[in-house]
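**Q** This is the structure I want to talk about, given as structure tokens.
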Amino acid sequence: MKNYDHKTIKINSGFEIPKLGMGTWQIKGSECVNSVKEAIDIGYRAIDTAQVYENEEEVGQALKECSVPREEICLTSKVWRDNLSKKEVIKTTEESLKRLKTDYIDLMLIHWPNDDYDLSATMEALAELKEENKLKEFGVSNFPTSYLEKVQNKQTNFVCDQVEYHPYLDQSPVINWLTKHDKFLIAYSPLARGKVFKDEKIKKIASKHQVDCAQVVLAWLCRQDSVVAIPKSSSREHLKSNWESQNLVLDDEDVQMIDDLQSPNGRLIDPEWAPQWD
């Protein structure tokens with residue numbers, strides 16, 4: 001894997017994804033259509049959705065109505081954890097394609113691991129969809145290293161793991177595993193559900209650079225070689241501010257200060273069906 005100008009990640013297959021994208025969790029209806037169009041207008045070229053977000057239709061509408069060609073957008077969606085039989089993966093992906101009004105999804109992920117399903121069959125379905133050009137690549141989400149090993153043992157060419165990652169959660173075991181295997185990490189909840197805005201250390205760094213706290217954290221994430229960040233925002237003001245984080249260069253002291261906030265116990269998203277985390 002190699003980095004392109006610190007703004008995209010390109011893997012050996014040729015698949016390329018911007019290091020900063022837009023998350024759409026909990027954004028629905030006309031607000032979703034408008035905010036995705038705003039994001040694309042600002043310059044975003046990576047949009048993240050999921051079957052369970054119930055907004056694929058709106059994301060698809062925004063992609064149809066925006067002025068940027070579909071092939072310039074990296075679109076990610078996710079198969080829900082109850083749809084992981086081979087038949088359901090194929091069926092629900094076909095439904096996602098219809099809702100998204102597109103012939104292909106750039107990156108399709110397994111949203112959460114689920115031991116009730118045969119992982120081999122799940123990955124086989126995604127591989128078949130890729131062969132049919134309905135997916136460009138596929139990956140996983142919320143997989144700790146023990147599950148990443150399981151997928152790797154199936155000899156499937158998955159490319160990434162999308163996980164909760166922000167200054168308060170140490171994800172080094174997952175990052176190290178992914179980097180070793182030429183894969184990348186997509187960070188969801190990168191702003192720790194707003195916690196970063198109240199952090200005195202992050203505020204201090206923001207004040208020093210005359211930027212906001214979100215820009216500091218996104219710059220910290222995106223400077224990491226194998227990391228993509230997908231902050232959620234629906235307002236043009238925040239979308240634009242997040243986008244401008246790419247212009248911020250943190251010094252070693254800033255980075256160390258943020259690194260020191262990390263803890264294995266900083267997880268915010270931990271549903272009852274979650275796997276055993278690293």
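The values are calculated or read from the model by the stated rules, or taken from the named source; none is laboratory data. None of these values were measured; they are calculated from a predicted model. Neighbour counts run over all protein chains shown; Cβ positions are idealised from the backbone, glycine included. Keep in mind that these areas ignore ligands, DNA and RNA; they rest on the heavy atoms of the full protein, side chains included. Shrake-Rupley method; radii C 1.70, N 1.55, O 1.52, S 1.80 Å.
**Q** Being without any contact (Cβ under 8 Å) to a residue 60 or more places away in the chain, over 26 Å from Ala219 (Cα atoms), open to solvent by 40 Å² or more (accessible area, probe 1.4 Å) and in contact with an Asp or Glu (Cβ under 7 Å, 6 or more places away or on another chain) narrows it down to one of Lys28, Lys87, Lys64, so name that one.
**A** Working: Lys87 fails: in contact with an Asp or Glu (Cβ under 7 Å, 6 or more places away or on another chain); Lys64 fails: in contact with an Asp or Glu (Cβ under 7 Å, 6 or more places away or on another chain).
Testing whether each residue is without any contact (Cβ under 8 Å) to a residue 60 or more places away in the chain, over 26 Å from Ala219 (Cα atoms), open to solvent by 40 Å² or more (accessible area, probe 1.4 Å) and in contact with an Asp or Glu (Cβ under 7 Å, 6 or more places away or on another chain) leaves just Lys28.
**Q** Can you tell me which residue in region 90-117 is farthest from Tyr147 (Cα to Cα), limited to those that are part of a loop (DSSP other than H, G, I, E, B) and in contact with a helix residue (DSSP H, G or I) (Cβ under 8 Å, 6 or more places away or on another chain)? Lay out the reasoning, then the answer.
**A** So the first thing to find is which residues in region 90-117 are part of a loop (DSSP other than H, G, I, E, B), and the list is 101-104, 111-117.
Narrowing the set further to residues that are in contact with a helix residue (DSSP H, G or I) (Cβ under 8 Å, 6 or more places away or on another chain) leaves 101-104, 111, 113.
On the way: Lys101: 32, Thr102: 31, Asp103: 30, Tyr104: 27, His111: 13, Pro113: 8 Å.
Among those that are part of a loop (DSSP other than H, G, I, E, B) and in contact with a helix residue (DSSP H, G or I) (Cβ under 8 Å, 6 or more places away or on another chain), it is Lys101.
**Q** Regarding Val151, is this residue open to solvent by less than 30 Å² (accessible area, probe 1.4 Å) and modelled with pLDDT under 95? Step through it out loud before you land on a result.
**A** Working: open to solvent by less than 30 Å² (accessible area, probe 1.4 Å): yes; modelled with pLDDT under 95: yes.
In short, yes.
**Q** Just for helices (runs of 4 or more DSSP H) wholly inside region 185-248: which have at least 1 residues that are among the hydroxyl-bearing types (Ser, Thr, Tyr) and over 18 Å from Asp170 (Cβ atoms)? Step through it out loud before you land on a result.
**A** Values: elements: 200-209, 213-222, 236-243.
Because the criterion is at least 1 residues that are among the hydroxyl-bearing types (Ser, Thr, Tyr) and over 18 Å from Asp170 (Cβ atoms), the helices (runs of 4 or more DSSP H) in region 185-248 that meet it are 200-209, 236-243.
**Q** So is Leu178 at pLDDT 95 or above, in a helix (DSSP H, G or I) and within 18 Å of Ala46 (Cβ to Cβ) or not?
**A** Numbers: at pLDDT 95 or above: yes; in a helix (DSSP H, G or I): yes; within 18 Å of Ala46 (Cβ to Cβ): yes.
It is true that Leu178 is at pLDDT 95 or above, in a helix (DSSP H, G or I) and within 18 Å of Ala46 (Cβ to Cβ).
**Q** Further, regarding this structure: Return the residues of region 214-229 that are in contact (Cβ under 8 Å) with a residue 40 or more places away in the chain, farther than 17 Å from Cys160 by Cα and either under 15 Å from the mean Cα position of the chain (by Cα) or open to solvent by 10 Å² or more (accessible area, probe 1.4 Å) (or both); say none if nothing qualifies.
**A** Listed by number, the residues that qualify are Leu218, Arg223.
**Q** Hey, another quick one. Conditions: (1) open to solvent by 60 Å² or more (accessible area, probe 1.4 Å); (2) in contact (Cβ under 8 Å) with a residue 60 or more places away in the chain. Gln51 meets all but one. Number of the miss?
**A** Condition (1) is where Gln51 drops out.
**Q** In region 123-145, how many residues are over 20 Å from the mean Cα position of the chain (by Cα), polar (S, T, N, Q) and in a helix (DSSP H, G or I)?
**A** Residues meeting the conditions: 0.
**Q** From Ile42, Ile73, which residue is touching a strand residue (DSSP E or B) at 6+ places or on another chain (Cβ under 7 Å) and open to solvent by less than 50 Å² (accessible area, probe 1.4 Å)?
**A** Details: Ile42 fails: touching a strand residue (DSSP E or B) at 6+ places or on another chain (Cβ under 7 Å).
Just a single option satisfies the conditions, and that option is Ile73.
**Q** How many of the residues in region 184-209 are open to solvent by 10 Å² or more (accessible area, probe 1.4 Å), closer than 24 Å to Thr8 by Cβ and not polar (S, T, N, Q)?
**A** Residues of region 184-209 that are open to solvent by 10 Å² or more (accessible area, probe 1.4 Å), as a first pass: 188-189, 191, 193-195, 197-201, 203-204, 207-209.
Next, only the ones that are closer than 24 Å to Thr8 by Cβ stay: 188-189, 191, 209.
Filter once more, so that each one left must be not polar (S, T, N, Q): 188, 191, 209.
Number satisfying all stated conditions: 3.
**Q** A further question follows. If we keep just the residues of region 7-25 that are surrounded by fewer than 17 Cβ atoms within 10 Å (Cβ to Cβ) and small (Gly, Ala, Ser), which is modelled with the lowest pLDDT?
**A** Ser13
**Q** Please count how many residues of region 247-278 are surrounded by 13 or more Cβ atoms within 10 Å (Cβ to Cβ) and in contact with a helix residue (DSSP H, G or I) (Cβ under 7 Å, 6 or more places away or on another chain).
**A** Looking only at that region, the number is 9.
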